[in-house]
Structure formats: structure tokens, C-alpha cells
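Q: Below is the structure I would like to discuss, written out as C-alpha cells.
The values are calculated or read from the model by the stated rules, or taken from the named source; none is laboratory data. Predicted model, so just to flag it, every value in this text is computed and none were measured. Using ideal geometry, Cβ is built from the backbone for each residue, glycine included, and neighbour counts are taken over all protein chains shown. Accessible surface areas use protein heavy atoms only, side chains included; no ligands, DNA or RNA. Shrake-Rupley method; radii C 1.70, N 1.55, O 1.52, S 1.80 Å.
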Amino acid sequence: MRDFLELLRTNAYPGRGIAVGKDRVYYFIMGRSENSRNRVFELTEDGIRTKAYDESKMVDPSLIIYHPVRETEKGLIVTNGDQTDTIRDYGDFKAGLMTREYEPDEPNFTPRISAMIYKDGSFDISILKHRDGRCLREFFCYEGASEGKGYFISTYEGDGAPLPTFSGEPIEIDMPEPEEVWAALNADNKVSLYTNVKGEVKLFNKHLGD
């Protein structure tokens, strides 16, 4: 099991990340470009959405404005893109993601990472990544997590050009408190963090001074 805070402190740019534990879910976004950094999380009726902090500086919203979190009858959907809505509309985690692929942002081909947390405590995690010109769809199914433990997946393994795609299974981690996670993210690159601990949601936004 990895120390989640140390993992974040030693990785300046994991991109977007999802961590799922027994009683909590974390989702964060980071950015290197001005367009990507120009965002905040905002609460909606069924979850959250990304929103431009300064509308006048928004260049291309296609891959950065979406609903990362939606609550459904089956449970909580958390993703790094508009596949959140695809999963919701299909009503099935895998079936929805079988219709999607990685983001078309060559040369990075940013993976789409997704999680579905069911009401019984079980959860699924997926990553859709570019491999030899095709889409590799990986799915990981968990019957639950032990107290104080969770599983983490991110879009990238670190900074680079092009950015190196996350590889392997989701990482088993400990699950610290929301404020600790926000503090551990790289100060230059972090943008926003969503935390849900036993149903209590908190949002951290760099632009809003959190």
C-alpha cells in the first residue's frame, strides 16, 4: 500500500486523478496551460461541473468543461470528461465506456479515467488509453475497500513531452483527509479538488483561494 500524500508530493503532474475508498471519494484536476488552469469546480443538483474562472480567457472548452461527478440511482459516477454523461445515459458503466475512447489531443492522447461507486460499497474503475493507434479499454472491479484504504488512478504517471500515460492497475493507497490531499498536490499545477467523505462534499479551488 502506498502513502497517498507522498505519492502526490513526489509527482508534479499526475494530471487528473480519482481515488475511491470505503467511505470517501476524491477527484482532482491539474493544469499546465492557461486554458486548463482557468477552471473551478461548482456544485450542481446532482454533483459538480467544471466552469471557467475567467470566461474572457477561455479558448477551447471542448475537453475541459464537463460534469466530473453525477449522482444516479445506481450510485456515484466520477470521471475526467464528458463520459460521465455517457455512463449515466447508458445506465451501465462498461456498456457506456465501450462506446468511448481516449481524448483526441495528440500527441498526449489523454486517457479517460472513470469510476462508478455503487450503493452497496462496491465500485468499478476504468481507463481508456491510446495504444498503437487503437483504444485499449481496461476495467477493474472491486467488491469494496477496507477501512482506511482505497485505490487511485490518474491520467498520467508524471510530467513529460508527450505526457506518459498511467499504466498498470489502480494503486492501493491509504485515504487521508481532504485538506491533506489538497495540500499535497503540486502548488503550481493544482486547479481543483472534489472530496466526498461519508456523503459530505467539499470543493477546493485554487482560484477561489482554497
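Q: Share of the chain's accessible area from carbon and sulfur, percent, 1.4 Å?
A: Of all accessible area on the chain, carbon and sulfur atoms account for 46 percent.
Q: Given charges of +1 on the Cβ of Lys and Arg and -1 on the Cβ of Asp and Glu, with all other atoms neutral, how large is the dipole of the stretch 24-132 about its Cα centre, in debye to the nearest 20?
A: Its charge dipole is roughly 340 debye.
Q: Taking the dipole about the Cα centre of the stretch 1-156, with the C-beta of Lys and Arg at +1 and of Asp and Glu at -1, give me whichever of Val59, Leu136, Phe123 is farthest to the positive side.
A: Final value for the positive-end residue is Leu136.
Q: Students sometimes get this wrong: rank Asp174, Asp89, Asp82 by accessible area, probe 1.4 Å, all chains present, largest first.
A: So, going from the largest accessible area down, we get Asp89, Asp82, Asp174.
Q: For Glu179, what charge total do you get from the other residues with a beta carbon under 11 Å from its beta carbon, if Lys and Arg give +1 and Asp and Glu give -1?
A: -2
Q: Hey, what did the stretch 77-210 get for relative contact order, percent, Cα under 8 Å, at least 6 apart?
A: This gives 15 percent for the stretch 77-210.
Q: When the label point is put 7 Å from the Cα of Ala95 along its Cα-to-beta-carbon vector, which residues of the stretch 127-170 have a backbone N closer than 14 Å?
A: Those under the cut-off are none; the list is empty.
Q: What accessible area per residue comes out for the chain, rounded to a whole number of Å², with a 1.4 Å probe?
A: Heavy-atom accessible area per residue stands at 47 Å².
Q: First select every other residue whose beta carbon is under 15 angstrom from the beta carbon of Leu136; then total the charges, Lys and Arg +1, Asp and Glu -1.
A: Taking every other residue near Leu136 into account, the sum is +2.
Q: Quick check: pseudo-label points 7 Å beyond the Cα along Cα→Cβ at Ser146 and Glu45, how many nm apart are they?
A: In this crude label model, Ser146 to Glu45 measures out at 4.2 nm.
Q: Right, something else. Within 10 Å, at most 16 other Cβ atoms, and a DSSP state outside H, G, I, E, B define an exposed site. Report the longest part of the chain free of exposed trypsin sites (Lys or Arg not before Pro).
A: 120-197
Q: Just to make sure I understand: if all protein chains stay in place, what is the order of Tyr194, Tyr142 by accessible area at 1.4 Å, largest first?
A: Final ranking, largest accessible area leading: Tyr142, Tyr194.
Q: Taking square-rooted eigenvalues a ≥ b ≥ c of the alpha carbon gyration tensor, is the chain rounded, prolate or oblate, where a/c under 1.5 means rounded and, failing that, a/b exceeding b/c means prolate?
A: The shape class here is rounded.
Q: Using only Cα atoms, locate the centre of the stretch 165-196 and the centre of the stretch 76-128, then give the distance between them in Å, rounded to an integer.
A: 18
Q: Taking +1 at the Cβ of each Lys and Arg and -1 at the Cβ of each Asp and Glu, which of Met175, Gly21, Leu208 sits farthest along the dipole of the chain towards its positive end, judged by Cα position relative to the Cα centre?
A: Leu208
Q: Please give, to one decimal in nm, the separation of the simple spin-label points placed at Glu177 and Ser56, each 7 Å out from Cα toward the Cβ.
A: Reported label-point gap for Glu177 and Ser56 is 4.0 nm.
Q: Taking only DSSP H segments of four or more residues, each worth -39500 (n - 2.57), what value at 222 nm results for the chain once the sum is divided by all its residues, to the nearest 500 deg cm²/dmol?
A: -3000 deg cm²/dmol
Q: Next question. Classify the stretch 26-102: rounded, prolate or oblate, from the alpha-carbon gyration tensor (a ≥ b ≥ c, eigenvalue square roots; a/c under 1.5 rounded; otherwise prolate if a/b is larger than b/c)?
A: prolate
Q: As a test of reading the structure, rank His207, His67 by solvent-accessible area (1.4 Å probe, protein chains only), most first.
A: Putting His207, His67 in descending order of accessible area: His207, His67.
Q: A further question follows. Pulled fully out, how much extra length does the chain show between Arg131 and His207, if you take 0.36 nm times their separation in residues and subtract their Cα-Cα distance?
A: Full extension from Arg131 to His207 adds 23.8 nm.
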